[in-house]
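Encoded as C-alpha cells, here's the structure I'll be asking about.
What follows is calculated from the coordinates using simple rules that are stated; it is not laboratory data. Quick caveat: nothing in here was measured; it's all calculated off a predicted structure. Backbone-built Cβ (ideal geometry, glycine too); neighbour counts: all protein chains shown.
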Amino acid sequence: DAGVHSKAWYAATCDRKMAEDALYRSNKDGSFLIRKSSGQDSQQPYTLVVFYNRRVYNVPIRFIESTRQYALGREKSGEERFDSVAEIVENHQRTSLVLIDSQNNTKDSTKLKHIVRVS
C-alpha cells in the first residue's frame with residue numbers, strides 16, 4: 001500500500017481533467033494533488049499533479065517492483081526512491097521538485113505547498 005488513501009492530497013476519484021481544472025482554479029504556485037494514473041498500470045499507479053507558473057504538470061509516479069519503492073518521472077540513474085507515495089510528498093514539501101516541460105524544453109522547480117481538494 002502506497003499510504004495514500006487517508007491523505008488530504010489524494011484525490012481518489014479524480015481524472016486528469018478534473019485535477020487540472022482544480023489546480024487552475026487554485027492558481028497558486030506549488031498547489032498539488034495526487035491522483036490515480038489514467039492508464040491504471042501497476043508500474044505507474046499514480047500521478048503527481050503540480051501547478052507552477054500558470055501551468056499544470058502531470059508527473060508520473062512509478063512503482064519499482066524489484067525494490068517495492070516509488071520514484072518520480074522516467075527512470076534515470078541516481079534517481080531518488082521512496083518507500084511510499086506519502087514520503088515523496090513529504091520530501092518535496094521540504095525540497096524543490098524539478099518540473100520539466102518537454103514541449104518548451106524548460107525546467108522549473110517548486111516545493112509542494114498547497115493541497116488542492118477536488119470537489
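Amide H to amide H, which residues 5 or more places from Ser31 or on other chains are under 5 Å from it, using H placed in the peptide plane?
Hits under the 5 Å cutoff: Phe51, Lys113, His114.
Can you work out the Karplus-derived ³J(HN,Hα) for every residue in the range 66-76? Use 6.51 cos²θ - 1.76 cosθ + 1.60 with θ = phi - 60°, whole Hz, and x for glycine or proline.
4, 10, 6, 10, 10, 8, 9, x, 6, 5, 8
Still on this structure, I have one more. Once you've got the GNM for the chain with C-alpha springs shorter than 10 Å, pick whichever of Glu87, Glu75, Glu20 has the biggest mean-square fluctuation.
The residue that fluctuates most here is Glu75.
Which far-off residues, 5 or more places away or on another chain, put their amide H under 5 Å from the one on Ser84, with H placed in the peptide plane?
Result for Ser84 returns Tyr70.
Once fully extended, how much extra length lies between Asp15 and Arg74, figured as 0.36 nm per residue of separation less the alpha-carbon to alpha-carbon distance?
19.2 nm
Net charge around Asn58, counting only other residues with Cβ within less than 15 Å of its Cβ (Lys, Arg = +1; Asp, Glu = -1)?
So the environment of Asn58 carries a net charge of +1.
If we count every other residue with Cβ under 14 angstrom of Ser26's Cβ, Lys/Arg +1 and Asp/Glu -1, where does the sum land?
Local net charge: +3.
Report Rg(Cα)/(2.2 N^0.38 Å) for the range 54-119, keeping two decimals.
Computed over Cα atoms of the range 54-119, the ratio equals 1.19.
Magnitude of the Cβ-charge dipole of the chain, K/R +1 and D/E -1, about the Cα centre, nearest 20 debye?
That gives the chain a dipole magnitude of about 400 debye.
Which three extents, in angstrom, do the Cα atoms of the range 1-45 have along their principal axes, listed largest first?
Principal extents (largest minus smallest coordinate, Cα): 31, 21, 16 Å.
Excluding Cys14 itself, calculate the net charge of residues whose Cβ lies under 11 Å from the Cβ of Cys14, where each Lys or Arg counts +1 and each Asp or Glu counts -1.
Net of charged neighbours comes to +2.
A further question on this structure: Quick one: work out the % antiparallel among DSSP beta bridges in the chain, nearest 5.
85 percent
Under the rule of -39500 (n - 2.57) per DSSP H run of 4 or more residues, summed and divided by the residues of the chain, what mean residue ellipticity at 222 nm is obtained, to the nearest 500 deg cm²/dmol?
-5500 deg cm²/dmol
Here's a follow-up. Within the range 34-75, what residues put their amide N at less than 15 Å from the label point 7 Å along the Cα-to-Cβ vector of Lys113?
Within reach of a label on Lys113, which here means backbone N under 15 Å from a point 7 Å along Cα→Cβ, the range 34-75 contributes 50-55.
Another question about this same structure. Give, rounded to the nearest 20 debye, the magnitude of the charge dipole that the range 26-74 has about its Cα centre when Lys and Arg contribute +1 at Cβ and Asp and Glu contribute -1 at Cβ.
140 debye
Also: Give the whole-number value, in cubic angstrom per residue, of the convex hull volume spanned by the C-alpha atoms of the range 8-113.
Considering the Cα atoms of the range 8-113, their hull volume per residue is 106 Å³.
Around Val59, which amide H atoms from residues at least 5 apart in sequence, or from another chain, sit under 5 Å from its own amide H, with H modelled in the peptide plane?
For Val59, the qualifying residues are Leu48, Val49, Val50.
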